[in-house]
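Peer 1: The structure is given below, and queries will be raised subsequently.
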Amino acid sequence: MSKELDREVLKFLKDRRVTPTLEKMLRKIVSSNLVHILGRKNVSKIFGEEKIAVDEIFQDVLGTFWEKRSEILTRNIDNLTGYLVKSVENKIYDYARSRNRKKVLSLDSITDSKSEESTFLDVIQVEEEARRDPLEQILAEKNFEALRNLFSGKEKDLCDFFYKKLFSDEKANIFASGKTVQARYKSHERLAKRIRDFVMENGITEVEFSRITEIYVSEICEKIRQNSEK
């Protein structure tokens, strides 16, 4: 299917011709990824019915490909099918987030030294009842990967930041690597700004951010802590 779909996508990029084969294949990709990523209940919750979701994302993906046709053709992408599938996945997450009506987290004052700590404590420690929305969970897991990539190489610094907010200075010391109080404070200021930008760029809600933090502490920080104590 990959080579055939590559050819069909290439035709579309050259003359905007949507062949019956391209439409059938792309709709199948959209439909299968919708159910795989969101689950049928969330598809219904967000779009009303699956057909509407498939129609909207199908048109949106083709529109985006046509707008970026010069860039895509210039790059001579070997695997257009893989690129198309990734585009479909990204559109699904975009639609899920745009249709999710819960309040987006506001961190406008995050770099204010007087409000920064209380803001993070309030956000991270969301009530357990609020965590049960499966859509929030799906979006949190997606954005956890983005956060992990963003702070690649800075894991100890971010763990120090999260542990200080969630637990105590004493428990966070294992990640501080002998930094002075001033150096640690400056590091936390920089982290707070980067996190604020990350949250605003991705439209993350309070529940999502709380869950992202929970996953990061569990999967990244706890491993570092356990290895340090050996």
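Peer 1: Looking at Ile220, is it surrounded by 13 or more Cβ atoms within 10 Å (Cβ to Cβ) and either more than 18 Å from the chain's Cα centre (by Cα) or at pLDDT below 85 (or both)?
Peer 2: Answer is no for this residue.
Peer 1: Moving on. Among the numbered conditions (1) under 26 Å from Leu38 (Cβ atoms); (2) modelled with pLDDT under 55; (3) not assigned by TED's automatic domain parsing to the domain that holds Lys186, tell me where Ser109 comes up short.
Peer 2: (1)
Peer 1: How many residues does segment 170-225 hold that are in a helix (DSSP H, G or I) and on the phi > 0 side of the Ramachandran plot? Even if it seems obvious, please write down each step before you answer.
Peer 2: Here is the first cut: in segment 170-225, the ones in a helix (DSSP H, G or I) are 170-176, 181-202, 206-225.
Still in the running and on the phi > 0 side of the Ramachandran plot: none.
Number satisfying all stated conditions: 0.
Peer 1: Of all helices (runs of 4 or more DSSP H) completely enclosed by segment 17-107, which ones contain at least 3 residues that are among the charged types (D, E, K, R) and in contact (Cβ under 8 Å) with a residue 12 or more places away in the chain? Can you show your working first?
Peer 2: Numbers: elements: 20-38, 40-47, 50-67, 69-75, 80-99.
Result: 50-67, 80-99.
Peer 1: Then there's this: Could you identify the single residue in Asn143, Asn149 that is assigned to a helix (DSSP H, G or I), modelled with pLDDT of 90 or more, under 22 Å from Val199 (Cα atoms) and not assigned by TED's automatic domain parsing to the domain that holds Leu10? Give the steps one after another, and end with the answer.
Peer 2: On the way: Asn143 fails: modelled with pLDDT of 90 or more.
On inspection, the qualifying residue turns out to be Asn149.
Peer 1: If you take the residues in segment 174-199 that are more than 16 Å from Ala140 (Cβ to Cβ) and of a type in the set (A, V, I, L, M, F, W, C), which one is modelled with the lowest pLDDT?
Peer 2: Ala176
The values are calculated or read from the model by the stated rules, or taken from the named source; none is laboratory data. All figures in this text were calculated on a predicted structure; none of them were measured in a lab. Because the Cβ atoms are built from the backbone with ideal geometry, glycine has one as well, and the counts that use them run over all protein chains shown.
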